[in-house]
Amino acid sequence: MSLLLTSLTAALCAAAAPPAPGLPSPPVDAASLVRDADRARGGLAEGITWTVEVTSTEDGSATTTAYLVRARGDDALAEVTAPAHAKGEKLLFSGGALWFIKPGLKKPVAVSTRQKLAGPAAAGDVASTNYARDYAAELVGEDDVGGAAAWRLELKATGPSATYDRIRYWVAKSGRQALKAEFLTVGGDVVKTATFEYDNKLTVAGKPLELISRMTITDAMGEGAVSVVRFGAPKAEAHPASIFTLESAVR
């Protein structure tokens with residue numbers, strides 16, 4: 001009996017103890033990393049409203065477009081608030097499709113999430129932030145990114161709503177926020193890079209959440225174009241599903 005108790009005690013202690021140095025840590029689920037990173041980039045099932053400003057510098061000139069973005073889960077509605085000549089234009093992402101709506105047009109126009117907005121920024125960078133929905137993720141390594149320990153993932157598009165074919169993605173071990181991304185072609189060529197900053201704060205379901213405040217997208221094909229996407233004034237709001245329909249958006 002004494003030997004049995006000793007064996008049981010030892011087994012319990014071993015199960016509770018952290019892994020010994022040199023031994024592999026418990027496996028990390030790549031899909032959960034992407035979901036958590038999505039959340040920090042505004043992918044809230046509860047709903048969010050905020051301003052998004054895209055400033056692009058290309059060929060020596062800069063342009064800025066401002067949006068009011070309302071999103072919930074997989075759906076998003078981005079409405080242009082500036083400049084004046086584009087005010088009222090909308091991008092609606094709903095049901096896996098992206099639509100462009102312009103005052104005066106009789107019908108909405110279906111567009112790709114890869115549609116260029118300005119500089120290297122694409123429509124999907126503003127209206128579609130759900131990587132967990134659009135990509136299959138694989139954990140492939142660990143790196144240091146700007147002094148922060150991070151997991152390196154490979155994301156591959158799983159459907160037509162994906163903005164990019166492949167993404168090489170670094171997610172911080174502390175906080176599970178995306179730190180860096182490389183956007184690739186099917187063949188593996190890097191076409192854009194992005195870095196992310198998190199200076200917005202929001203309380204969601206009674207818990208504090210650090211949210212993205214800035215995304216800097218740089219052309220990697222030698223043209224030197226840069227788009228800075230600034231996110232501001234976030235509010236946790238429960239949006240009704242009806243605002244993410246074409247019927248509602250064209251009114």
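Numerical summary
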{"read-out": "Rg [Å, one decimal], Dmax [Å, integer] - the chain, C-alpha atoms", "value": "21.3, 86"}
{"read-out": "Tilt relative to the chain, helix 2-16 - C-alpha long axis, 0 to 90 degrees, to 10", "value": "20"}
{"read-out": "Members of Lys180/Lys235; Lys180/Lys201; Lys107/Lys156; Lys90/Lys180; Lys102/Lys235; Lys107/Lys180 lying beyond 31 Å, as alpha-carbon distances in this model show", "value": "Lys107/Lys156; Lys107/Lys180"}
{"read-out": "Cα-based shape type of segment 23-62, given that a ≥ b ≥ c are square roots of the gyration tensor eigenvalues and the cut on a/c is 1.5", "value": "oblate"}
{"read-out": "Mean Cβ count within 10 Å, highest first, over the residues of peptides 92-103, 67-78", "value": "67-78, 92-103"}
{"read-out": "Mean-position separation - Cα centroids, segment 160-180 and segment 68-132, in angstrom", "value": "21"}
{"read-out": "With Cα atoms, 0 to 90° folded angle of helix 30-40 axis to the chain main axis", "value": "50"}
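Bear in mind that the values in this text are calculations on the coordinates, not laboratory data. Worth saying up front: this structure is predicted, and the values here are computed from it rather than measured. Don't worry about glycine lacking a Cβ; one is built from the backbone with ideal geometry, like all the others, and counts go over all protein chains shown.
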